[in-house]
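These notes are about the structure you will find just below.
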Amino acid sequence: MKRIYSTHNAKADALINQLVDTFEGNEDAKLLKEMLTSVYRMGEDQSATGDLKIINSALKELQFAFRLYRPYRDLRKVCVFGSARLKEDHPAYQEAKKFGKLMADAGWGVITGAASGIMRAGHEGAGAEASFGLNIRLPFEQEANPVIAEDDKLVNCKYFFTRKLLFIKESHATTLFAGGFGTLDEGFESLTLVQTGKSDPRPIVFVDVEGNHFWTELLAYLKSMVEKGVISEGDLSLYQLAHSAEDACEILKNFYSTYHSIRYVREILSVRLSKRLSEESVDLLNQEFSDILTSGKIEQGVALPEESDEPALQEYPRLIMNFDRRSYGRFINLIERINRLGA
């Protein structure tokens, strides 16, 4: 029997239920009650002031950001990461600016850390309408750039962990231009979350520019990690290297050319497609990717009954499979194959 999450105080539980019941027609009443119960429990536990400050600030930041991004959820967005210290005369700055424009022209939004350098370049290229900012409050280096500073699509974050959560949750791709510790942190966050299945598959692209091969040594080291036995050969498929803004733009657009998104329904993986594949193509997928299935085969079908809560996606064809939930590099290969077969 499943335990009910409660305060273990009948009067408090009744007050929480009464409060949530004022939100008429809310389908997530259970979740709201559990959130309020957690707040009560922290008070009952006499949690330290510092702990309460962390919860309070994080909750307020996330609530504000979720409300801000809600009208833009259907817009594809790319994170542009890179150094705040690079100036306009740096080739990576100009390439990031070009990339921002290419993605905005393709109908995408561009999310950056909202500061100077590469972040400003991405916003300058995209323009204010297509720009989104997640600024981090620091005593140095991190004032919002003039493109986004007065824009309603700017969130100022106190904590890096809420900011990194928002970068991943509200975007569909990660691009890395020349950068320092912060860029590496954000890039490896994306790699780790995709590698472990904690985020949906996404293109992760290291962007070099002609005459400035910034990522060469790092990518060589990543390959050496396979030989050292700390990552698998398949993990190298989690990212790609682009040699120009145009190259990076094409990688992102191709990733979502036929593949659309995924959703798990218990142990079943539903892969949404923007167009139906031929039966011959599905047969090829089964021949080439049977190794990532726990049982059965890949079958083409329609939305599962449990997906009815996303009406905008009902008409998309599906590939239904029992994915092993560990071969995420191979799953990226599957997406690339789906896109080639659907071209």
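A short reminder: the numbers here are calculations on the coordinates, not readings from a lab. Everything numeric here is computed off the predicted structure, so don't read it as measured data. Cβ: placed from backbone, ideal geometry, glycine included. Neighbour counts: every protein chain shown.
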Once you have the Cα-Cα distance between PHE188 and ASP21, take 0.36 nm times their residue separation minus that, and quote the gain in nm to one decimal. 55.9 nm
Label-point separation in nm, GLU246 to TYR264, each point 7 Å along Cα→Cβ: 4.1 nm
Computed over the chain, the relative contact order (Cα-Cα under 8 Å, seq sep at least six) in percent reads 13 percent
Take the chain, mark every one of the GluC sites (Glu not before Pro) that falls in a DSSP loop and has at most 15 other Cβ within 10 Å, then report the longest stretch left between them, sites excluded. 28-87
Can you tell which of PHE177, PHE160, SER261 lies farthest toward the positive end of the dipole of the chain, using +1 and -1 charges on the Cβ of basic and acidic side chains (Lys, Arg; Asp, Glu)? PHE160
Of PRO139, ALA29, LEU238, which is farthest along the charge dipole of the chain in the positive direction, counting Lys and Arg as +1 and Asp and Glu as -1 at C-beta? ALA29
Find the centroid of the Cα atoms in segment 95-126 and in segment 51-84, then give the distance between the two in whole Å. 18 Å
Only loop residues by DSSP count here, and only those with at most 12 other Cβ atoms within 10 Å; note down the trypsin sites (Lys or Arg not before Pro) in segment 44-83 that meet that. ARG73
Please give, to one decimal in nm, the separation of the simple spin-label points placed at TYR221 and THR294, each 7 Å out from Cα toward the Cβ. 3.6 nm
May I ask you to list the trypsin sites (Lys or Arg not before Pro) in segment 1-30 that are in a DSSP loop and have at most 14 other Cβ atoms within 10 Å of their Cβ? LYS2, ARG3
How big is the convex hull of the Cα atoms of segment 259-342, per residue, in Å³? 85 Å³
For LEU31 and PHE66 in one chain, what is 0.36 nm times their gap in residues minus the Cα-Cα distance, to one decimal in nm? 11.0 nm
For segment 146-232, report the translational diffusion coefficient in µm²/s to the nearest whole number, using Stokes-Einstein at 25 °C, 0.890 mPa s, and a Kirkwood Rh over Cα pairs. 164 µm²/s
Going fewest to most other Cβ atoms within 10 Å around each Cβ, PHE177, PHE81 line up as PHE81, PHE177
Per 10 Å bin from zero, what fraction in whole % of the C-alpha pairs of the chain is there, up to the bin with the longest pair? 5, 21, 28, 25, 16, 4, 0
First check a/c for segment 203-275, with a ≥ b ≥ c the square roots of the eigenvalues of its C-alpha gyration tensor; if it is under 1.5, answer rounded, and if not, answer prolate when a/b is larger than b/c or oblate otherwise. oblate
When each of LYS30/LYS169; LYS101/LYS158; LYS77/LYS97; LYS77/LYS164; LYS77/LYS98; LYS98/LYS253 is checked by Cα-Cα distance, pairs over 18 Å: LYS30/LYS169; LYS101/LYS158
